[in-house]
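The values are calculated or read from the model by the stated rules, or taken from the named source; none is laboratory data. Just so it is clear, the structure is predicted and the values come from calculations on it, not from any experiment. Please note: Cβ atoms are built from the backbone with ideal geometry, for glycine as well, and neighbour counts cover all protein chains shown. Just so you know, the surface numbers come from the protein's heavy atoms only, side chains and all, with ligands and any DNA or RNA stripped out. Shrake-Rupley method; radii C 1.70, N 1.55, O 1.52, S 1.80 Å.
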Amino acid sequence: MATALLWHLHQPEYRDPETGVPCMPWTRLHALRGYRDLLVESAEHGIPWTLNIVPGLWEQILHYAEGGSDGHLDLTRMPADGLDEAAYHALVGTFVCGNPTMRRDYRHLEDAVASGRRLTVPEIRDLQVHSTLAWFGATAMRDFPVLAELHRKGRADGAHFDEADKHALLA
C-alpha cells in the first residue's frame with residue numbers, strides 16, 4: 001500500500017495593494033514554524049510528497065527571502081530604547097497577540113500591558129524577541145543552537161534579552 005501526501009499551502013493576501021509590503025506578519029511567522037518543520041521533517045524521514053503553494057503565498061515568501069520586511073519586523077528591529085510613542089503603542093498593542101500557548105513564556109509582559117503599566121526598556125526588548133522567537137518550530141530549535149539558547153534564556157527568571165540577542169534572533 002502506498003501513501004501519497006499532497007500539501008496545499010496558502011495564506012490570505014497580506015500585502016498592501018499599493019506598496020506590496022505586508023500589513024500583517026503572518027506569512028513570515030508561519031514560515032518560521034509550520035512551513036519549515038513540514039518540509040524539513042518530510043525530507044529527513046524520506047516521505048514522498050507533493051507541495052502546492054498558491055501564487056500569492058509564494059510571492060509573499062519571496063518578499064521576505066529577498067530582504068523584504070513588514071511593520072512587525074520593523075518594530076522588532078528598532079532598538080528598544082529608541083521607540084517613539086507611536087512605535088511603543090504599536091508594539092504593545094500587537095506583540096501580545098496570537099496563540100496563547102505560544103505566548104506562555106511572555107504572558108507576564110502581556111499582563112503588564114493589560115494593566116496599563118508602561119514597559120521598561122528591558123521588557124520592551126523581551127517582548128520584541130519573544131514575539132518572534134515563539135514562532136520558531138522544533139526543527140529550527142534543533143538546527144540553530146542560538147535559537148534554543150535564546151529560548152532557554154527567555155524562560156529563566158529575571159533574565160532579559162539584550163540587543164545582541166535580538167540581532168542573533170533576526171540573523
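Every residue, every condition in (1) among the small types (Gly, Ala, Ser); (2) in a helix (DSSP H, G or I), yes or no:
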| position | (1), (2) |
| --- | --- |
| Glu13 | no, no |
| Met24 | no, no |
| Arg33 | no, yes |
| Ala43 | yes, yes |
| Leu51 | no, no |
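Restricted to segment 91-171, the set of helices (runs of 4 or more DSSP H) holding at least 2 residues that are under 24 Å from Asp37 (Cβ atoms) comprises 121-133, 138-143, 145-155, 163-170.
Among the numbered conditions (1) modelled with pLDDT under 90; (2) open to solvent by 20 Å² or more (accessible area, probe 1.4 Å), the only one that Tyr106 does not meet is (2). Scanning segment 37-64 for residues that are farther than 20 Å from Phe136 by Cβ and of a type in the set (Gly, Ala, Ser) yields Gly46, Gly56.
Filter segment 57-90 down to residues that are small (Gly, Ala, Ser) and either surrounded by 15 or more Cβ atoms within 10 Å (Cβ to Cβ) or in a strand (DSSP E or B) (or both), then give me how many there are.
The qualifying residues number 6.
In segment 121-139 there is no residue matching the filter, namely being open to solvent by 70 Å² or more (accessible area, probe 1.4 Å) and either more than 14 Å from the chain's Cα centre (by Cα) or hydroxyl-bearing (Ser, Thr, Tyr) (or both).
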